[in-house]
1. Could you give the nm distance between label points at Val80 and Trp221, where each point is 7 Å from its Cα heading toward the beta carbon?
2. May I ask you to rank Arg185, Arg190 by accessible area, largest first, using a 1.4 Å probe over the protein chains only?
3. Under a plain spin-label model, where a point goes 7 Å from the Cα along Cα-to-Cβ, how far apart in nm are Arg33 and Ile329?
4. May I ask you to rank Lys285, Lys61 by accessible area, largest first, using a 1.4 Å probe over the protein chains only?
5. Given Cα positions, please report Rg to Rh for segment 265-320, the hydrodynamic radius being the Kirkwood one.
Amino acid sequence: MEPRDPIQTNAWPSAARSVLMLAVLVGLALGIRAASSVAAPILLGLVLVIGVSPLVGMLTKRSVPSVLAFIISVLVIVIVILALLFLMSFTIFQAKGILPQLQEQLTALEQDVVDTLAGWGFDISSVVEEQILNPENVLDWVSSALSALLGALKNFSLIFLIVAFMLVEVSGFRKRFGEALGEDRPVLRRWMQWAGETRSYLLITTVLSVVVAILNFALLWVLGVPYPFAWAFLSFVMSYIPIVGFLIAILPPLTLAILQRSWVMVLGVFVGYLVINFTAEDIFKPRILKSDMGIPVAVSFLSVVIWGFVLGPIGAFISIPMTMMVRTIFLEASPETEPLALLLRSPAKPARTKRWPWSWLGGGRSGYPPPGA
């Protein structure tokens, strides 16, 4: 009788372990959603601390006392957040102020749409009056959206306290983490990698968002769209929300342009926003970021949906850093889930081959010298 093989301790197939890991992540996400009122400010504070922590290190290296470096860093965060809150409140105030003034234009536009479609044989007057372009419904939708945004901004004091206490500990975090886990532990390297990627993403996104906001302001001012500063600032804030943020940012000025009955203004806003956003997001940002640090477009959109569901409005703004956290810290920690982590990274750019200027004359192929060279 042949002896039986010893029982293997790791007999689960890799697919089962992958499913188990995904189930754990889903359960963790649902738990975070249940405590989103506390989890969202904590995670936002963590992202802010990662973004501002280089300032503490830079001041300390310049012989600034650690206490003074901490105070300066906290003041910078407070000033930035208060400025954003002020500008956001100003934008919301202007939006609420112009909506009642646009009721007549909305009513006229509604009638034009109904008459045009009626001429084509479609009668939608009852549907339009009740759901689509009714001015009262539009005002209700906008007021609800603005109220939700204001509710998300009310956690300023909690976010400030979280950031302040995290900044106190940021200087000794790596040392204590290394003492607890060991400097050569993969988990420490993954945490440091995620922090570096998040820091680079925040810096590049902020710089590009400022440039985009300035260009949008100039575009709207030249075209004569009302309140160009408010919509340019809205585009700056929405730049932190991939894909969906662009749609939100372009909607108010495009709507105002439509209500002005100027096709030149409508086309200018649409094409101008599209060109500016495409140039910043699809040309400059991928060239500045590392090739394997970005996130594919489809994954970016799903990140906004998922993290917005888990954390609310704050989750939409930090969806990319949170997705990078899941990718780097959790999925890349196990060989079974590493293929999923690769799906969450932008593909590496192919090596650029040398192209000869005259290769198009004789059908020469790029990367090869012409005959006789």
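The values are calculated or read from the model by the stated rules, or taken from the named source; none is laboratory data. The shown structure was predicted, so the numbers you read here are calculated from the model rather than taken from an experiment. Positions of Cβ are generated from backbone atoms using ideal geometry, with glycine treated the same way; all protein chains shown enter the neighbour counts. The protein model used for the area step is the full one, side chains on, heavy atoms only, and it has no ligands, DNA or RNA in it. Shrake-Rupley method; radii C 1.70, N 1.55, O 1.52, S 1.80 Å.
1. 2.5 nm
2. If we order Arg185, Arg190 from most to least accessible, we get Arg185, Arg190.
3. Taking the two extended label points, one gets 2.0 nm.
4. Largest accessible area first, the residues go Lys61, Lys285.
5. Reported Rg/Rh (Cα atoms, Kirkwood Rh): 1.08.
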